[in-house]
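In what follows, a single structure is set out as structure tokens and then discussed.
The values are calculated or read from the model by the stated rules, or taken from the named source; none is laboratory data. Model, not experiment: these values are computed from the prediction. Cβ coordinates were reconstructed from backbone atoms using ideal geometry, including for glycine residues, and neighbour counts include every protein chain displayed.
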Amino acid sequence: MCEENEDKISSINEELEGMAECYKKKKPSDLKGKIHLLVGEDEAYLVRLEESEVEVEEAGVDCIGDLGLVMSQETFKKLSSREWNGMTAAGRASMTESAPLDFRLPEGAEMDNEILQMMYHFLTHFFSKDYPTITELGREHSRKVHGGNAVPIAYGHGVRSAYYTIQKGEQINEDELDPWNQVFTVVGGSGTAVVDGEEIELEKNISIHVPPDVEHIVKKEEGDDDLELIWTAYGEKA
């Protein structure tokens, strides 16, 4: 192995160990398990989540058949530099879509609620080397999901929250009917919401509530300013 590759692997290992040390302060004691990370084509690591410890060790690439996350080296750089948080890199409109940070489940396994909750917490907090976790907002830290550019903020245990920025010609949602309560709070710019056929003008300091199973879209049709909002979903099914 050439020196350049050895340095690269050492750097990734050091980054992961720093993330693990910080994650120990944030991880609930009852969140336990093993998550494999594949960075690029041949750099694999195992993260062990114990009651009061978080450990990282090098692993074989074949172990990625277990519960794991797969990413390119470029994606890892964006995570370690705080350009993206873990949920931003993993964000997608549905589990069948691919993302820069992709899930891998053990053969024959399904994404049940226990695995999902563990992944939500891990993705939100592990890749941050800050305590408490700091999430940087803005379009430059986002990815396009559901028609707008999003930065997920908090997911898990009945709550979902994300920052959205929507430019002229973009809109969030099409024909989705979501089974949870939602609140859209405008923090900048202007736009329009259509909720159950009712059109509402949006501007800073406006917040609208969308009940479960009600048609809704949020769009930006005019103006050069970005519509910026915080989206929150809550309830048993969120």
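Taking R143, is it in contact with a helix residue (DSSP H, G or I) (Cβ under 9 Å, 6 or more places away or on another chain) and of a type in the set (K, R)? Even if it seems obvious, please write down each step before you answer.
Values: in contact with a helix residue (DSSP H, G or I) (Cβ under 9 Å, 6 or more places away or on another chain): yes; of a type in the set (K, R): yes.
So R143 passes the test.
Among the residues of the range 54-98, how many are in contact with a strand residue (DSSP E or B) (Cβ under 8 Å, 6 or more places away or on another chain) and free of Cβ contacts under 8 Å to residues at least 24 places away in the same chain?
5
For the range 105-122, how many residues are over 26 Å from L177 (Cβ atoms) and crowded, with 16+ Cβ neighbours inside 10 Å? Give the steps one after another, and end with the answer.
So the first thing to find is which residues in the range 105-122 are over 26 Å from L177 (Cβ atoms), and the list is 105-109, 114, 118, 121-122.
Checking the rest, the ones that are also crowded, with 16+ Cβ neighbours inside 10 Å come to 118, 121-122.
Of the residues in that region, 3 qualify.
Confirm whether G169 is in contact with an Asp or Glu (Cβ under 9 Å, 6 or more places away or on another chain), at pLDDT 95 or above and buried (at least 19 other Cβ atoms within 10 Å of the Cβ).
Values: in contact with an Asp or Glu (Cβ under 9 Å, 6 or more places away or on another chain): yes; at pLDDT 95 or above: yes; buried (at least 19 other Cβ atoms within 10 Å of the Cβ): no.
It is false that G169 is in contact with an Asp or Glu (Cβ under 9 Å, 6 or more places away or on another chain), at pLDDT 95 or above and buried (at least 19 other Cβ atoms within 10 Å of the Cβ).
Let's see how each residue does on (1) buried (at least 16 other Cβ atoms within 10 Å of the Cβ); (2) over 15 Å from the mean Cα position of the chain (by Cα); (3) of a type in the set (A, V, I, L, M, F, W, C):
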| residue | (1), (2), (3) |
| --- | --- |
| D66 | yes, yes, no |
| L69 | yes, no, yes |
| T88 | yes, no, no |
| E97 | no, no, no |
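(1) outside the structural domain of K77 (by TED's automatic domain parsing); (2) acidic (D, E); (3) within 29 Å of E215 (Cβ to Cβ): which one isn't true of D130, the others all being true?
Status for D130: all satisfied but (3).
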